[in-house]
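Peer 1: One structure follows; several queries about it will come next.
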Ligand code: ATP
Ligand code: MG
């Protein structure tokens with residue numbers, strides 16, 4: 001991608017009403033555009049990051065047997081009335097609307113009800129189970145406060161997976177597989193040292209639900225972390241009994257602010273009982289299906305990465321989710337030889353499968369370097385009248401520069 005053609009440009013300032021670091025940096029660097037509080041447009045750079053995050057999540061969900069589907073955002077009121085989750089007293093984030101004829105409907109903030117209703121058409125016998133389906137959906141939530149940029153959208157992308165199992169032991173096995181899969185997702189997204197499996201309230205069937213909390217000052221949650229055991233407790237369930245149940249010691253715990261990037265629930269047979277989702281067991285008896293629900297905030301995860309990896313100059317993307325691998329900075333491009341060399345390097349790298357953003361704009365070197373630091377691509381590669389047959393290579397997370405031949409750069413990138 002040539003930066004002179006890239007939609008859009010970086011900016012000196014972010015909107016005056018934007019308080020969060022993630023949105024300030026992402027707006028200034030040209031990743032997102034603020035439509036209104038809690039609603040952001042993903043521009044080409046931003047969408048590339050979202051696509052990378054989705055691909056990581058999808059590969060890990062597929063690896064545990066998940067199959068991708070896409071539910072509708074429009075939801076029937078009647079379904080949610082059955083489970084008593086339609087009223088604003090019970091669910092305070094609904095966006096509701098109505099059809100021209102007056103029939104009420106809702107915009108999906110979660111999907112357990114419609115998906116379980118759908119399963120009634122497809123699950124009849126133990127032979128039809130287990131089923132693991134997931135989707136990437138734009139969720140709508142009428143959040144009271146939306147001041148944390150893409151960490152708390154009123155419209156945001158979630159990956160939600162649902163497991164339908166014959167019994168608790170089949171469910172438990174999958175639930176544990178998903179915990180491991182989620183930890184692999186966060187590791188691959190660069191957050192290995194930050195995300196902790198956290199016992200929290202909210203299990204409908206079990207004592208706890210499990211959250212995946214990323215340590216960050218920007219977080220709205222408070223957790224107690226046991227760094228050696230790699231687990232944590234949400235302060236909402238922090239008490240002597242929980243510590244004992246989880247075999248944790250008060251003196252090993254550190255209190256920190258954190259961002260909830262994922263949350264998994266065991267619903268037991270509750271939803272299936274409410275909605276009438278049953279199957280015939282091997283012995284001929286009828287039983288309710290066991291439901292698990294597994295969410296990751298995709299856009300929140302992107303915001304979390306920005307909150308954690310930045311410096312005074314801008315964003316510092318982990319390689320795995322960066323919009324491009326290489327930011328090729330061309331200087332002195334009015335010199336025909338340098339221009340040719342820069343174009344050749346751009347072609348060689350692109351043809352080798354390296355994702356390159358080539359800064360071919362007619363702006364000063366200072367502006368190019370400042371934008372490069374703001375945008376945060378892992379490798380900065382400079383070609384100029386001074387670099388002769390080599391290129392100057394610097395990683396965004398380091399101050400060290402080195403002169404490399406293009407094939408040396410290629411082999412470094414392949415590592
Ligand atoms: P929170 O407590 O932060 O409001 P939640 O517990 O209501 O979140 P869940 O229903 O568990 O959220 O949703 C699953 C995941 O979706 C969360 O773990 C989080 O990563 C993400 N998420 C939830 N609400 C939002 C939001 N308003 N904007 C962006 N991501 C969100
Ligand atoms: Mg949650």
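Peer 1: Being surrounded by 17 or more Cβ atoms within 10 Å (Cβ to Cβ) and either touching a helix residue (DSSP H, G or I) at 6+ places or on another chain (Cβ under 8 Å) or in contact (Cβ under 8 Å) with a residue 24 or more places away in the chain (or both) narrows it down to one of 65, 38, so name that one.
Peer 2: On the way: 65 fails: surrounded by 17 or more Cβ atoms within 10 Å (Cβ to Cβ).
Among 65, 38, only 38 is surrounded by 17 or more Cβ atoms within 10 Å (Cβ to Cβ) and either touching a helix residue (DSSP H, G or I) at 6+ places or on another chain (Cβ under 8 Å) or in contact (Cβ under 8 Å) with a residue 24 or more places away in the chain (or both).
Peer 1: Something else: Taking region 391-402 only, how many residues are surrounded by 15 or more Cβ atoms within 10 Å (Cβ to Cβ) and free of Cβ contacts under 8 Å to residues at least 24 places away in the same chain?
Peer 2: So the first thing to find is which residues in region 391-402 are surrounded by 15 or more Cβ atoms within 10 Å (Cβ to Cβ), and the list is 391-396.
From what's left, free of Cβ contacts under 8 Å to residues at least 24 places away in the same chain: 392-395.
So the count comes out to 4.
Peer 1: With (1) part of a loop (DSSP other than H, G, I, E, B); (2) more than 15 Å from ligand 1 (Cβ to nearest atom) as the list, and residue 177 as the residue in question, which single condition is left unmet?
Peer 2: So residue 177 meets the others, but not (1).
Peer 1: Now for a different question. If you go through region 108-115 one residue at a time, do you hit one that is under 29 Å from the mean Cα position of the chain (by Cα), more than 16 Å from ligand 1 (Cβ to nearest atom) and either on the phi < 0 side of the Ramachandran plot or modelled with pLDDT of 95 or more (or both)?
Peer 2: Just the residues of region 108-115 that are under 29 Å from the mean Cα position of the chain (by Cα), to begin with: 108-115.
Remaining after also requiring more than 16 Å from ligand 1 (Cβ to nearest atom): none.
No, that holds for no residue.
Peer 1: Now for a different question. Only one residue in 217, 192, 170 is assigned to a loop (DSSP other than H, G, I, E, B), away from ligand 2 (no atom under 16 Å from the Cβ), at pLDDT 95 or above and farther than 18 Å from residue 56 by Cβ. Which one? Give the steps one after another, and end with the answer.
Peer 2: On the way: 192 fails: farther than 18 Å from residue 56 by Cβ; 170 fails: assigned to a loop (DSSP other than H, G, I, E, B).
Going through 217, 192, 170 in turn, just one is assigned to a loop (DSSP other than H, G, I, E, B), away from ligand 2 (no atom under 16 Å from the Cβ), at pLDDT 95 or above and farther than 18 Å from residue 56 by Cβ: 217.
Peer 1: Same structure again: Scanning for something under 30 Å from residue 280 (Cβ atoms), buried (at least 18 other Cβ atoms within 10 Å of the Cβ), within 15 Å of ligand 1 (Cβ to nearest atom) and touching a residue at least 12 places away in the same chain (Cβ under 8 Å), does region 137-159 turn up at least one residue?
Peer 2: Step one: list which residues in region 137-159 are under 30 Å from residue 280 (Cβ atoms), which gives none.
The answer is no, given that none of the residues of region 137-159 is under 30 Å from residue 280 (Cβ atoms), buried (at least 18 other Cβ atoms within 10 Å of the Cβ), within 15 Å of ligand 1 (Cβ to nearest atom) and touching a residue at least 12 places away in the same chain (Cβ under 8 Å).
The values are calculated or read from the model by the stated rules, or taken from the named source; none is laboratory data. Note that the structure is predicted; figures quoted are calculated from it, not measured. Don't worry about glycine lacking a Cβ; one is built from the backbone with ideal geometry, like all the others, and counts go over all protein chains shown.
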